[in-house]
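**Q** Dropping the structure in here first, questions after.
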Amino acid sequence: MKNNRIYHYKMNRKKRSTLFIRMGLACLAYITGLYVYEIYSGQVVSENFRAIYIYSFSFCSLVLFYIAWWHLKNPAIYEATVTPQRFIVRYPDSSQWSFDVSISDIERFEYRELHSRAGRGIAACGIVMKSGEFHEIVMNYGNRVNKMHAAIKGINPDVTFFKKINRGSSFQSSKN
């Protein structure tokens, strides 16, 4: 299967944790920036502002470092593969967001809006099958849907990508 891959994207949680570590360090850099500003400008910010600023960025950095730690302690791999016959997405620990479908059965890519009793919701990107099934492509691991679409369009030029949110159809996952 490796030899006939047209598109392949793989990301593991260990590598993904570096994003959260960098964001946590950026929060600490903002705190340092406040002190550098006070030292070099000679101005002192109000105590209330300083307390809220420092506590907020400290809390955010702790949350981000915890998320990074969780990613390191719970290893898993996200993988998306396009071959001449199949489109395969393996999402860690989720059968709802994992699928293996035939390229010839894909009608289009589109964004759909999740509808709930509260009204409009979050837009989800995915593929619509000729049978009407919708397979959501979750982008938590930095994958690019445009690249997946381009790979599939190279095999089946009839597969379109409707980039505006389709509000006319309700979000129906194939794994409900």
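The values are calculated or read from the model by the stated rules, or taken from the named source; none is laboratory data. Quantities reported herein were computed from a predicted structural model and do not represent experimental measurements. As a convention, Cβ positions derive from the backbone with ideal geometry for all residues, glycine included, and neighbour counts pool all protein chains shown. Heavy atoms of the whole protein, side chains included, go into the accessibility calculation; ligands, DNA and RNA do not. Shrake-Rupley method; radii C 1.70, N 1.55, O 1.52, S 1.80 Å.
**Q** Name the residues whose placed amide hydrogens come within less than 5 Å of the amide hydrogen of R86, ignoring near sequence neighbours (fewer than 5 apart) on the same chain.
**A** When sequence neighbours closer than 5 places are left aside, the close amide H contacts are I103.
**Q** Using +1 at the Cβ of each Lys and Arg and -1 at the Cβ of each Asp and Glu in the chain, identify which of V128, W69, N4 lies farthest towards the dipole's positive end.
**A** N4
**Q** On to the next question. Given a 1.4 angstrom probe, what's the average accessible area per residue across region 77-166, in square angstrom?
**A** Working: 4580 Å² over 90 residues.
Solvent-accessible surface per residue comes out at 51 Å².
**Q** Ranking request for peptides 43-55, 92-104: highest mean number of other beta-carbon atoms within 10 Å first, then the rest in descending order.
**A** Values: 43-55: 10.8, 92-104: 14.2.
Ranking the peptides 43-55, 92-104 by packing returns 92-104, 43-55.
**Q** In sequence order, what are the phi-derived ³J(HN,Hα) couplings for region 56-64 according to the Karplus relation 6.51 cos²θ - 1.76 cosθ + 1.60 with θ = phi - 60°, rounded to whole Hz, with x for glycine and proline?
**A** 5, 5, 5, 4, 4, 5, 5, 4, 5
**Q** Only Lys, Arg, Asp and Glu count, each charged at its Cβ (+1, +1, -1, -1), so figure out the dipole size of the chain about its Cα centre, rounded to 20 debye. Walk me through the numbers on the way to the answer.
**A** Numbers: 24 positive and 12 negative charges, 77 e Å.
It comes to approximately 380 debye.
**Q** Once you compute Rg and the Kirkwood Rh from C-alpha atoms, what is the Rg to Rh ratio for region 77-166? Provide the component values of the computation, followed by the final result.
**A** Details: Rg = 12.9 Å, Rh = 13.5 Å.
With Rg and the Kirkwood Rh in hand, the quotient comes to 0.96.
**Q** In whole percent, and with a 1.4 Å probe on the protein chains, what portion of the accessible area of the chain is carbon and sulfur?
**A** 57
**Q** Right, here's the next one. Taking only the alpha carbons of the chain, what extent do you get along each of the three principal axes, in Å, biggest first?
**A** 66, 42, 28
**Q** Per residue of region 128-143, what does 6.51 cos²θ - 1.76 cosθ + 1.60 with θ = phi - 60° give for ³J(HN,Hα)? Whole Hz please, x for Gly and Pro, Karplus curve as stated.
**A** Computed from phi, the couplings for region 128-143 are 9, 8, 4, 7, x, 4, 10, 10, 6, 10, 7, 10, 5, 9, x, 6 Hz.
**Q** Under 5 Å between amide hydrogens, which residues at least 5 positions from I77 or on another chain qualify, with H placed 1.01 Å from N in the peptide plane?
**A** none
**Q** A further question follows. Only bridges with both residues in the chain count here: give the DSSP antiparallel percent, nearest 5. Write down the numbers at each step before the final one.
**A** Working: 26 of 32 bridges.
Of those bridges, close to 80 percent are antiparallel.
**Q** Under a 5 Å amide H to amide H cut-off, with H placed in plane at 1.01 Å, what residues pair with A124 once short-range neighbours are removed?
**A** Amide H to amide H, under 5 Å and 5 or more residues apart or across chains, A124 pairs with R112, E113, L114.
**Q** Using the crude model of +1 on Lys and Arg Cβ and -1 on Asp and Glu Cβ, and no other charge, please compute the dipole size for region 64-116 relative to its Cα centre, in debye to 20.
**A** Numbers: 5 positive and 7 negative charges, 40 e Å.
So the dipole magnitude of region 64-116 works out to roughly 200 debye.
**Q** In sequence order, what are the phi-derived ³J(HN,Hα) couplings for region 18-28 according to the Karplus relation 6.51 cos²θ - 1.76 cosθ + 1.60 with θ = phi - 60°, rounded to whole Hz, with x for glycine and proline?
**A** Whole-Hz 3J(HN,Hα) from phi for region 18-28: 4, 4, 5, 5, 4, 5, x, 5, 5, 4, 5.
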